[in-house]
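Data block below; observations after.
The values are calculated or read from the model by the stated rules, or taken from the named source; none is laboratory data. All values reported here derive from a predicted model rather than from experimental measurement. Cβ coordinates were reconstructed from backbone atoms using ideal geometry, including for glycine residues, and neighbour counts include every protein chain displayed. Just the protein is used for accessible areas: all its heavy atoms, side chains included, with ligands, DNA and RNA removed. Shrake-Rupley method; radii C 1.70, N 1.55, O 1.52, S 1.80 Å.
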Amino acid sequence: MAAQQSVPAPVSANVHDIERALTRVAYLAGRARQHERLMSVAGLALDRAAVMILRHIAESEPLRPGVLAVRLSVEASHVTRQLRQLERGGYVVRVVDPDDRRAQRVQLTDVGLAAVDRIGEASRRGLGLALADWSAEDLEQLAALFHRLVDDFIAHAEDPLPAATVD
């Protein structure tokens with residue numbers, strides 16, 4: 001007799017709709033054309049991976065490259081390659097890790113900080129256009145719900161997903 005696994009609770013229609021909407025938003029925001037538009041408005045020539053790294057460093061203290069890779073959920077070699085390019089462009093520098101003088105951390109230069117500011121401003125302008133017809137209350141509610149969603153994603157990032165039913 002085949003063993004049966006427990007049946008996961010059905011996903012509500014609302015969760016299904018939210019998943020579809022988030023997938024679509026991620027697709028639209030992550031398109032190459034959207035990134036090119038963002039870089040054009042910001043006056044920069046950085047690829048998407050470099051932008052993610054710069055924005056992440058800007059939101060934290062100087063980080064070791066390995067820690068940065070873990071936080072971005074990418075291979076360390078990808079981060080190392082991007083950091084070399086960002087160093088050559090003058091966006092980041094390596095500094096001695098105060099906790100371990102043999103290690104290094106990466107921090108933004110003034111050029112890197114200015115780039116992050118320009119990217120953020122261009123991104124906010126684009127988002128502002130998309131949300132121009134929303135009421136202040138709707139924007140406040142959306143912001144609160146997005147913060148809650150991110151917090152819950154982080155809290156449950158390592159939770160095992162229920163297995164599919166096998167008969």
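The table that follows gives values for the structure above.
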{"quantity": "Mean residue ellipticity (222 nm) of the chain, computed from DSSP H runs ≥ 4 via -39,500 (n - 2.57), nearest 500", "calculated": "-20000 deg cm²/dmol"}
{"quantity": "Size of electric dipole in the chain: Cβ of Lys, Arg +1 and of Asp, Glu -1, about Cα centre, debye, nearest 20", "calculated": "920 debye"}
{"quantity": "Cα-only radius of gyration and Dmax that characterise the stretch 37-130, units Å", "calculated": "13.7, 47"}
{"quantity": "Calculated FRET value between R118 and E158, using beta carbons and R₀ = 35 Å, to 0.05", "calculated": "0.50"}
{"quantity": "Sequence-separation-based contact order of the chain, relative, with Cα cut under 8 Å and 6+ spacing, percent", "calculated": "30 percent"}
{"quantity": "Protection-proxy order for peptides 144-154, 30-40, 112-122, each taking the mean of Cβ atoms within 10 Å per residue, highest first", "calculated": "112-122, 30-40, 144-154"}
{"quantity": "In degrees, nearest ten, helix 13-30 long axis to first principal axis of the chain (Cα)", "calculated": "20 degrees"}
{"quantity": "Virtual spin-label span in nm between A76 and A49, 7 Å along Cα→Cβ", "calculated": "1.6 nm"}
{"quantity": "Within-13-Å neighbourhood charge of L131 [Cβ basis; K, R +1; D, E -1]", "calculated": "-2"}
{"quantity": "Sequence ranges 75-88, 10-23, ranked by mean other-Cβ count within 10 angstrom, highest first", "calculated": "75-88, 10-23"}
{"quantity": "Virtual paramagnetic centre 7 Å along Cα→Cβ of V95, amide N under 19 Å, in the stretch 24-64", "calculated": "53-64"}
{"quantity": "Estimated distance in nm for a label pair at D110 and V25, the labels positioned 7 Å out from Cα along Cα-to-Cβ", "calculated": "3.7 nm"}
{"quantity": "Anisotropy class of the chain from Cα gyration tensor, a/c 1.5 cut", "calculated": "oblate"}
{"quantity": "With DNA, RNA and ligands ignored, accessible area of V111 (1.4 Å probe; Å², nearest 10)", "calculated": "80 Å²"}
{"quantity": "Local electrostatic count at Q104 - Lys and Arg +1, Asp and Glu -1, tallied over other residues with Cβ under 12 Å", "calculated": "+1"}
{"quantity": "Total formal charge among the other residues, if their Cβ is under 14 angstrom from that of L38, Lys/Arg +1 and Asp/Glu -1", "calculated": "+4"}
